[in-house]
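Student: The structure's right below; bear with me while I get my questions together.
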Amino acid sequence: MLTHRLATPADLDALRAVMARAIAELQQGFLDPAQIAASRAVMGLDTQLIADGTYFVIEEAGAGGVKIAGCGGWSHRATLYGGDHSKDLRDPAPLDPAVDAARIRAMYTHPDFTRRGVGRMIMTLCEDAARAAGFRRAEMMATLSGEPLYRACGYTPIEHVDTPGADGVAVPMIRMGKDIARG
């Protein structure tokens with residue numbers, strides 16, 4: 001059974017491990033190997049989300065203990081995407097729920113848990129929390145591998161972007177949005 005909780009600083013190493021596997025394995029078939037390698041420059045953990053209390057961990061308990069099945073969060077800050085290491089993408093300015101869209105951020109599913117509802121669970125948690133904070137819209141910067149899930153959750157493309165990644169390799173991404181005013 002999958003459960004959820006807010007992430008804590010004690011989760012950092014485990015979250016980074018899940019993200020590394022997800023980036024390496026789940027983008028295959030959507031990006032070429034150079035793009036996957038380059039995407040590490042623009043993807044990853046933003047610890048501000050944990051500090052803000054807006055980052056969720058999805059877990060499954062089993063015979064081998066508790067395993068992280070996925071993670072993801074939302075933000076009331078202007079940063080649309082990027083991890084701690086991508087300083088040029090970060091903007092900690094607060095958003096105004098009356099006019100701005102909440103940000104859906106850093107969603108990753110452990111490759112052993114794909115197609116088990118982890119992504120939808122994270123989306124529901126994020127949208128409900130953002131709505132409770134007064135936001136009426138949500139936006140994200142989606143990977144090509146994440147786009148099918150986000151479309152299924154009601155997100156529509158706003159723009160296609162080639163994001164500069166490592167070694168000058170562009171990483172294709174899609175800015176997507178959704179009206180979340182009605183639950």
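Student: Full extension from ALA34 to THR124: what is 0.36 nm times the residue separation minus their Cα-Cα distance, to one decimal in nm? Spell out each step's value before the answer.
Tutor: Details: separation 90, 0.36 × 90 = 32.40 nm, distance 3.26 nm.
Fully extending the segment from ALA34 to THR124 adds 29.1 nm.
Student: Give me the percent relative contact order of the range 98-151, please, defined on Cα pairs under 8 angstrom at least 6 residues apart.
Tutor: 54 percent.
Student: Is the shape of the range 1-116 best called rounded, prolate or oblate, per the rule: a/c under 1.5 gives rounded, else a/b larger than b/c gives prolate, else oblate, with a ≥ b ≥ c the square roots of the Cα gyration tensor eigenvalues?
Tutor: Since a/c reaches 1.5 but b/c is at least a/b, the shape of the range 1-116 is classed as oblate.
Student: Something else now. Could you grab the relative contact order for the range 1-121? Cα pairs under 8 Å, six or more apart, rounded to a whole percent. Please report the intermediate quantities before stating the final value.
Tutor: Numbers: 201 pairs, mean separation 34.8, N = 121.
Normalised by residue count, the contact order of the range 1-121 is 29 percent.
Student: Then there's this: With the Cα gyration tensor of the range 19-84 giving a ≥ b ≥ c as the square roots of its eigenvalues, does the rule (a/c under 1.5 for rounded; else a/b larger than b/c for prolate; else oblate) give rounded, prolate or oblate? Don't jump to the answer; show the numbers that get you there.
Tutor: On the way: a/c = 2.77, a/b = 1.09, b/c = 2.55.
It comes out oblate by the Cα gyration axes.
Student: Classify the range 79-183 as rounded, prolate or oblate from the Cα gyration tensor: take a ≥ b ≥ c as the square roots of its eigenvalues, call it rounded if a/c is under 1.5, otherwise prolate when a/b beats b/c and oblate if not. Each step should come with its number before you reach the end.
Tutor: Numbers: a/c = 1.69, a/b = 1.16, b/c = 1.46.
Note, shape of the range 79-183 comes out oblate.
Student: Just to be sure I understand: with springs between alpha-carbon atoms less than 10 Å apart, which residue in ALA37, ALA133, ALA78 has the highest mean-square fluctuation in the Gaussian network model of the chain?
Tutor: ALA133
Student: Neighbouring Cβ atoms within 10 Å as the yardstick, rank ARG120, ARG137, ARG115 fewest first. Write out the running numbers ahead of the final one.
Tutor: Values: ARG120 12, ARG137 15, ARG115 8.
Lowest to highest Cβ neighbour count: ARG115, ARG120, ARG137.
Every number in this text was worked out from the coordinates using simple rules, so none of it is lab data. No experiment lies behind these values; they were computed from the predicted model shown. We place every Cβ from the backbone using ideal geometry, glycine too, and count neighbours over all the protein chains shown.
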